[in-house]
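Have a look at the structure below before the remarks.
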Amino acid sequence: MTQADIKLATHLIHHPYQAPAAFEGPQPAVHKASTVFFENVQAMRERRWLDKSSYTYGLHGTPTTYTLEERLATLEGGLQCLLVPSGLAAIATTSLALLKTGDEVLVPDNVYGPNKTITEGELAHFGITHQYYDPMSVEDLAAKITPATKLVWLEAPGSVTMEFPNLVEQVRLCRDKGITTVLDNTWGAGLAFNAFDLLGDGTLGVDVTAHALTKYPSGGGDVLMGSIITRKQPLHMRIKLCHMRLGLGVSGNDAEAVLRSLPSIGLRYHAQDRAARQLAQWLATQSAVVQVLHPAMPEAPGHAHWKQLCARNGEGVAAGLFSVVIDERFDQAAVDRFCDSLQLFKIGYSWGGPVSLVVPYELAEMRSRATPHIKPGTVVRFAIGLEEVSDLQADMAQALAQAFA
Ligand SMILES: *Cc1c(COP(=O)(O)O)cnc(C)c1O
């Protein structure tokens, strides 16, 4: 067929123009596809699905997703990365890929809440048992390990109450027992410490990280995505095969949004860290606040472990996230009034975006173990955005006065 023979509709689809290949700008291009074309049938038959040497189908990767995967692996000190549609999908996929009927998984009691939900739901339905361990006691973790234990979840610090565990000894214990470790690395984000090289000498690290890219890598509060990062190819392949069978993929536009935010992740993380510490220190002086839960504060649970890992020199590194305990003399209604009175802080889950957020929590509903290291009262968590810190402090001051006067 010649160009003259074909009709307009066909012409618009099979147009002869090819843009010159040499185009370079600051950002990688957005490639979007379900179908990927092969040169001929033989090329289709020979195309490899399991590595990144080529392309087979949009679900299994595009130049955009490959590029993001490589940059995220570098961010966290890993070698292989898989993208999934949310942080929770990173958690679920890792557990489903590495556990089977009869296995047991150990989960810290202060883990990100929905990790418990899938552990008690789908994993239990598949005959995978679990135990919740005390994140602040390596002895308790050691005591809970049995021959059935195949996976240990780790989180540093824990969700909401922010206890920083002895990650080095937890990982050493699991490694010595030959148990795979997976760290929810959302808080550290690859910036506070290197999960794959905890001691800085290449001798000790976790096996897998799960990261909610929804938080700092996105930085916008407008993308949901997760990553699963490893340093060992066989472990990566086990997870990748499960990932393929489950049909998990991410959109090119969302991948591009994360690629666009990634260059500023360090600047944002450190700015939010500085602002959070300033506000946490100020809140510690307020009479309604009986405890500040921020791992960089000397009295916080696990502060020494934070220091060992995240502050080898200088003032150290932390995320812009902390909680406070409001004195038990104030009831839930007063705490709700405090949150409702905040004007710059919005009420909402997640973190890592430009807008500061607040959420009150009912701790008793979230923990299966007692929390004697947390003072009685109501826990309120703050995620610090990118607003001027003086404005945030003024907002907190007026809300404290309104609710607890
Ligand atoms: C937000 C979060 C997740 C889940 O991420 P989503 O993308 O919201 O599903 C997992 N772990 C931690 C620690 C988180 O903060």
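The values are calculated or read from the model by the stated rules, or taken from the named source; none is laboratory data. Note that the structure is a prediction, hence the values are computed from the model and not measured. Quick reminder, even Gly has a Cβ in these numbers, built from the backbone with ideal geometry, and neighbours come from all protein chains shown. Side chains included, ligands, DNA and RNA excluded: accessible areas come from the protein's heavy atoms. Shrake-Rupley method; radii C 1.70, N 1.55, O 1.52, S 1.80 Å.
Summary of the geometry: the stretch 76-132 and the stretch 11-67, compared by the centres of their Cα atoms, lie 32 Å apart. Tell me the label-point distance for the pair residue 343, residue 397, using the 7 Å Cα-to-Cβ offset, in nm and rounded to one decimal. A separation of 1.4 nm, rounded to one decimal place.
Potential lengthening of the chain between residue 368 and residue 11 amounts to 122.1 nm, from the contour at 0.36 nm per residue minus the alpha-carbon distance. Residue 223 sits among other residues whose Cβ lies under 12 Å from its own Cβ, and their net charge, with Lys and Arg +1 and Asp and Glu -1, is -1.
Our summary gives the stretch 41-262 a relative contact order of 27 percent, counting only alpha carbon pairs under 8 angstrom and 6 or more residues apart. Here the stretch 41-262 is treated as a sphere whose radius is the Kirkwood value from Cα pairs; by Stokes-Einstein at 10 °C and 1.306 mPa s it diffuses with a coefficient of 90 µm²/s. Taking the Cα centre of the chain as reference, the dipole from Cβ charges on Lys and Arg (+1) and Asp and Glu (-1) amounts to some 980 debye.
Among 66, 404, 21, whose Cα projects farthest towards the positive end of the dipole of the chain, with charges put on the beta-carbon of Lys, Arg (+1) and Asp, Glu (-1)? Farthest towards the positive pole: 21. Based on protein heavy atoms only, the chain ends up with 46 Å² per residue of surface accessible to a 1.4 Å probe.
What the Cβ-Cβ distance of residue 37 and residue 405 gives, at R0 = 60 Å and to the nearest 0.05, is a FRET efficiency of 0.30.
With Cα atoms as the point set, the radius of gyration and Dmax of the chain evaluate to 23.5, 84 Å. Here the 3J(HN,Hα) profile of the stretch 286-294, calculated from phi with Karplus coefficients 6.51, -1.76 and 1.60 at θ = phi - 60°, is 8, 5, 6, 9, 9, 7, 10, 9, 9 Hz, Gly and Pro shown as x. The distance between label points at residue 2 and residue 197 comes to 6.4 nm (points 7 Å beyond Cα on the Cα→Cβ vector).
Taking amide H atoms as placed 1.01 Å from N in the peptide plane, the amide H of residue 291 lies under 5 Å from those of 325, each 5 or more residues away in sequence or on another chain.
Restricting things to alpha carbons, find the Rg to Rh ratio for the stretch 110-183 using the Kirkwood radius for Rh.
0.95
Residues considered: 328, 163, 39. Largest GNM mean-square fluctuation over the chain, using C-alpha springs under 10 Å, is found at 39. Annotation note: trypsin sites (Lys or Arg not before Pro) in the stretch 92-153 located in DSSP loop regions with a Cβ neighbour count of at most 11 within 10 Å are 100. Sorted largest first by accessible area at a 1.4 angstrom probe radius, with every protein chain in place, the residues 282, 306, 49 fall in the order 49, 282, 306. On the beta carbon distance between residue 53 and residue 331, with R0 = 51 Å, the FRET formula returns roughly 0.25. Its alpha carbons give the stretch 108-153 an Rg and a Dmax of 10.8, 29 Å. Beyond 19 Å, the tail of the calculated P(r) for the stretch 264-404 holds 50 percent of the Cα pairs.
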